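Shown next, in structure tokens, is the structure this report addresses.
The values are calculated or read from the model by the stated rules, or taken from the named source; none is laboratory data. Everything quoted here is computed from the prediction, not taken from an experiment. Positions of Cβ are backbone-derived with ideal geometry, glycine not excepted, and every protein chain shown enters the neighbour counts. Side chains are part of the model used for accessible areas, which takes the heavy atoms of the whole protein and leaves out ligands, DNA and RNA. Shrake-Rupley method; radii C 1.70, N 1.55, O 1.52, S 1.80 Å.
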Amino acid sequence: MPPDASRRSAHRRGFLRLAGGAAGAIGIAKAAWAADGGETLTVPEWSRAPGAPVASPPYGQPSAFERLGRRPRSVPAFPGAASTGTPLQHLHGIITPNGLHFERHHAGVPAIDPDRHRLAIHGLVERPLVLTMDDLVRMPAVSRIHFLECSGNTPWLGAKPTWTLQESHGLLSCAEWTGVELATLLDEVGVKPGAAWILAEGADAAGMTRSIPLDLARDGAILAYAQNGERLRPEQGYPLRLFLPGVEGNLSIKWLRRLKVGDQPFQTREETAKYTDLMPDGSARQFTFLMEAKSVITTPSGGERLGEPGFREIRGLAWTGRGRITGVEVSTDGGARWKAATLEGPVLPRCLTRFRLPWRWAGGPAQLLSRATDETGYVQPARATLVSLRGTQSFYHNNATFGWAVAANGGVSHAG
Ligand code: CO
């Protein structure tokens, strides 16, 4: 260790010893002044001359020093079928920036001209309609903040100690969605007696289709054309997508072009060959929509290396398709003892909720876990509990607790 660093480190230890009282209890002692052998303020080049002009570029971009990006989750099995994960470990608050929202495509991203795009609604309705985007934007609008999670998020099998949070939980994002409530449109066309299901169809080359129960369609579903204040990005369904809060992401059909009202489910490929859950007795659960309570620690998380021992804030995200999160508990010893974390408001229904807990890392091994409870009293299960009920072939809907092991050297990896 160079002498200066040694002196600074000695100073820091002194600060930490002194920091037992009320003031400075967090114990971060980076700011030693020059007189104490530390740093002083300089006048860097960016303070010496005017910076870049306004509106360069017209659509603002992150600082050149920020390098966040989505990353492909796997090699595509065939052209256009791919997904990318959100780098949740590097984000703050609850809103996912539009450029970092996770993607899942079954036949690539279509380039749709909004002036030529149409939404048809037909079937068991009194007044079938074909709508333009202008028609939709004129209708009464709502804006709501909701999470979106792929039911295939967090694989059941093949967990890797080297996983980052982006790899284990990245098919999860949260945004403000604006559009017309599907219930408004259903009232406008008049649903006929006997109607019970709606087929939603995308305009992508996969012709993505899912069946949606009518009561779910009336439970806050949005025909969304905007996300976080601007029109949808192409990869999020531009110019129009369905958004169904609290249920598996695949139901929120992107590039929405057709709604057909019927009296029974339509049994599409994506609800027969895919998106069903194989149980240990060989039966398959179908139409498992709800995303149950789940949470994960985002800081510290996989791939991180903690520096010196001392104060850390454990931070994470919790969410539930059933409504609001009411509590998150955190353990630093593998589940032997739990502490209630603080929930950061506002706590919104079917939305990400951020939690945090102050922690003093002693420098030794630790086993971090979080466990969410929602307003129905449902508690996020341990993996062993979930596996005892559903086996390991379900593939979808893994909402088990998820652990990060901190090694004595500060390295963080997935375990437990
Ligand atoms: Co499902």
### Query
Based on the mean of other beta carbon atoms within 10 Å per residue, what is the order of 215-225, 132-142, 229-239, most packed first?
215-225, 229-239, 132-142
### Message
Output the 0 to 90 degree angle, nearest 10, between the alpha-carbon long axis of helix 3-18 and the longest principal axis computed from the alpha carbons of the chain.
### Response
80
### Query
Just the accessible area per residue of region 71-275, please: how many Å² with a 1.4 Å probe?
39
### Query
Taking K and R as +1 and D and E as -1, what net charge do the other residues with C-beta under 13 Å from the C-beta of ASP219 add up to?
+2
### Message
Given the chain, report the % of alpha carbon pairs whose separation exceeds 37 Å.
### Response
33
### Query
Nearest 20 debye, what's the magnitude of the dipole of the chain about its Cα centre given +1 on Lys and Arg Cβ and -1 on Asp and Glu Cβ?
960
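Assuming a ≥ b ≥ c are the square roots of the Cα gyration tensor eigenvalues, decide whether region 129-202 counts as rounded (a/c under 1.5), prolate (otherwise, with a/b larger than b/c) or oblate. Before the final figure, lay out the partial values.
Working: a/c = 3.71, a/b = 2.14, b/c = 1.73.
Prolate shape, in that a/c is at least 1.5 and a/b is the bigger ratio.
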### Per-residue ³J(HN,Hα) for region 378-385, Karplus 6.51 cos²θ - 1.76 cosθ + 1.60, θ = phi - 60°, Hz, x for Gly and Pro
5, 10, 3, x, 6, 4, 4, 5
### Summary
In order over region 241-258: 3J(HN,Hα) from phi, Karplus 6.51/-1.76/1.60, θ = phi - 60°, whole Hz, x for each Gly or Pro, gives 9, 7, 10, 10, x, x, 10, 4, x, 4, 6, 7, 4, 8, 6, 4, 10, 8
### Query
If you place +1 on the Cβ of every Lys and Arg, -1 on the Cβ of every Asp and Glu, and leave all else neutral, what size is the dipole of region 215-277 about its Cα centre, to the nearest 20 Debye?
400
### Task
Place +1 on the Cβ of every Lys and Arg and -1 on the Cβ of every Asp and Glu in the chain, take the dipole about the Cα centre, and give the residue among VAL43, LEU165, PRO239 whose Cα lies farthest towards its positive end.
VAL43
### Task
Using +1 at the Cβ of each Lys and Arg and -1 at the Cβ of each Asp and Glu in the chain, identify which of MET133, ALA82, ALA318 lies farthest towards the dipole's positive end.
ALA318
### Message
Can you compute the charge dipole magnitude of region 310-416 about its Cα centre, using +1 on each Lys and Arg Cβ and -1 on each Asp and Glu Cβ, nothing else charged? Give it in debye, rounded to the nearest 20.
### Response
60
### Message
How large are Rg and Dmax for region 294-414 when calculated on the C-alpha trace, in angstrom?
### Response
14.6, 42
### Ranked by how many other beta carbons lie within 10 Å on average, peptides 41-52, 373-384 from highest
373-384, 41-52
### Query
At a 1.4 Å probe, what is the % contribution of carbon and sulfur to the accessible area of the chain?
56
### Task
Determine by what factor the alpha-carbon radius of gyration of region 71-275 differs from 2.2 N^0.38 Å, reporting the quotient.
1.02
## Note on the structure
Computed, not fitted: 222 nm per-residue ellipticity of the chain from DSSP H runs ≥ 4 (each -39500 (n - 2.57)), nearest 500, equal to -3000 deg cm²/dmol
### Pairs of lysine residues in the chain - Cα separation under 23 Å, sequence separation of 8 or more or cross-chain
6
### Task
Per residue of region 69-76, in order, report the coupling 6.51 cos²θ - 1.76 cosθ + 1.60 (Karplus, θ = phi - 60°) as ³J(HN,Hα) in whole Hz, putting x for Gly and Pro.
x, 6, 10, x, 7, 7, 6, x
### Message
Among PRO365, PHE395, GLN380, which residue has its Cα furthest toward the positive end of the charge dipole of region 294-414, with +1 on Lys/Arg Cβ and -1 on Asp/Glu Cβ?
### Response
PHE395
